[in-house]
Amino acid sequence: MLDAASELFYERGIHAVGVDTIAEAAGVTKKTLYDRFGSKEALVVSYLQHRDARWRQHLASHLDQVPEPGPERVLAVFDAAVSWSHENSMKGCSAINARAEIGDGHDGHPVFPEVTRQKAWLLDVFTDLCRDAGMVSPAALARTMMLLYEGAIVTVGMETFAEPFELARDVARTLLRRSANGPTTDVGP
């Protein structure tokens, strides 16, 4: 059920896909779907968590390939994003897309804390990697890495130009080199 919902939500959008469509694609009844998830909103959160867990596993495998702290380990996040986006995210980030679909009128919607949790986690990953690499102002540099990452994933979804993660990685490498050599004014606030 979750696989069917995930595929449909990502490909068509949350609002465009009804519970009937998901139940049919999963080969279950609508009642079974509601018994398992309780509501469409809970199913959407489960979908986001499912994709996030897969992304974290994908990222961990890339970080495992660069076990020593340093700039290359930070850049491994962008390497993971390149392969992930080619295989799983041609429409951009599922969390950003879900947040955009829900809009501002639904502040109490359970998507909001889930999306915030996912993005805070990735910022923490960047912060830890920059700190472990001995970068100057690791928190500020991590925020800059996050901006590069988020800008790239939105660009993937918008199809603004080709290979945005590769460009983001190149810019990140330049910033990491500068940060390793001492403070600069263009690393971030």
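The values are calculated or read from the model by the stated rules, or taken from the named source; none is laboratory data. Quick caveat: nothing in here was measured; it's all calculated off a predicted structure. Reconstructed Cβ throughout: ideal geometry from the backbone, glycine too, with neighbour counts over all protein chains shown. To get the accessible areas, we keep the full protein, side chains included, count just its heavy atoms, and leave off ligands, DNA and RNA. Shrake-Rupley method; radii C 1.70, N 1.55, O 1.52, S 1.80 Å.
Structure notes:
- At least 3 residues being open to solvent by less than 50 Å² (accessible area, probe 1.4 Å) and in contact with a His (Cβ under 8 Å, 6 or more places away or on another chain) is the threshold, and among the helices (runs of 4 or more DSSP H) wholly inside the range 1-110 those reaching it are 71-88.
- Scan of the range 122-147 for residues that are open to solvent by less than 70 Å² (accessible area, probe 1.4 Å), part of a helix (DSSP H, G or I) and touching a residue at least 60 places away in the same chain (Cβ under 8 Å), ordered by number: V125, L129, M145
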